[in-house]
Amino acid sequence: MVLHKAYTTFEKQFGDQDGVEDVVLSKRRRLYEEQVRENPKNYDAWFDYARLEESAGDADRVRDVYERAVAQVPPTQEKRHWRRYIYLWIFYAIWEELEGKDVERTRQIYSTCLDLIPRKKFTFAKMWLLAAQFEVRQGQLAAARNLLWRAVHKCPKDKIFNGFIDLERRLFEFVRCRTLYEKHVEHNPANCQTWIKFAELERGLDDLERTRAIFELAISQAQLDMPELLWKAYIDFEEEEGEYERTRELYERLLAKTDHVKVWISYAHFEINIPEEDEEGEGDEEQAVSDEAKARARGVFERAHKSMRDKELKEERVSLLNAWLSFERTHGSGDDMERVQRLMPRRTRRRRLLDDGSHDEYVDYVFPADEQQAKSLSNVLALAQKWKQTGGDLSGAAGGE
């Protein structure tokens, strides 16, 4: 070590540029060798070592470092231990293809890596897709498809399906795309994005009945990861196709499943935007909203308000009233606006006792219309109670005459 340090100093003082670079390269090489000898599973050190040799340009040394690095297989079959390791294979394959220019060796690198991964425990979709993309670049479409079909059967992950479908779409192989979507939704029927993309494919092929059938099958699934997204896509599809009765029916079906305020507001906006029959096909000019459309939208708001009030959904009710008031400001009269404003609540701060004995302050909403209704009901009940206490009844009244 002392001798090497002295030699380095000598080269820096008296050597040429190549000599100095060789000395620095040798020093860094010794450093990385020490690091990987102390801890062969130090993948960061292997990355740095490989980059060093790549910059030096000696292909044999690069291959030697990568081969030694990938030989350090993680000691367990836990994916977290493989995440860094797998990139050694990826960088090795990319370097071999782009710099080593050895197609067969690159293919062998991908194959060896895919065989090495414990697929019964986990897999890396990225590796399968990179291997397939490599085959596509070599003009070997059959080999790429075989790889991806292997992946789909052995480890059917969403990412693999999406990559495979994307490949076939770019090749305009729409029948193959359809087959893959069918396999995908069969494997993971809860994935709403897949159902939506499947429907978009059929719509792009102008098969509206198949599009509609796919949406119907999708919303009938017992479990969905993002049902609101799926319903919105279906509703948007029918509205864009001008199928307004179908769209209205979908809103009603959705409201039977969920009473979410956003669905009600969206439903009302839909009713406003439906063109009248004599307005359809008149170009892009903005048409005035008809009285019929306003009445339909107002009817939706009224139904929604009654539902929110009956279920005592205060915050949702406030959101609805704000949307309703905004609608009336744009499309209604002064009386319409005043009517909604009378329904608006006032904010009040209240305190509640928590389980630990402390108090929490929160914002509550008091609706004047509810107070008036409660007051009227209270008066009726009071009168009934008073009448009962006086002993008055119909039979008694009749007998006194």
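Where a number appears in this text, it was derived from the coordinates with a stated rule and is not lab data. The structure presented is a predicted model; accordingly, all values stated were derived computationally and were not measured. Neighbour counts are summed over all protein chains in view; Cβ atoms, including those assigned to glycine, are modelled from backbone coordinates with ideal geometry.
The ellipsoid equivalent to the alpha-carbon distribution of the stretch 56-131 has semi-axes of 22, 14, 9 angstrom, derived from the gyration tensor eigenvalues as √(5λ) and listed largest first. Magnitude of the charge dipole for the stretch 189-256, about its Cα centre and with charges confined to Cβ atoms of Lys, Arg (+1) and Asp, Glu (-1), is about 280 debye. Overall shape of the stretch 189-256 was characterised from the C-alpha gyration tensor. The equivalent ellipsoid obtained from it has semi-axes of 17, 16, 9 Å, in decreasing order.
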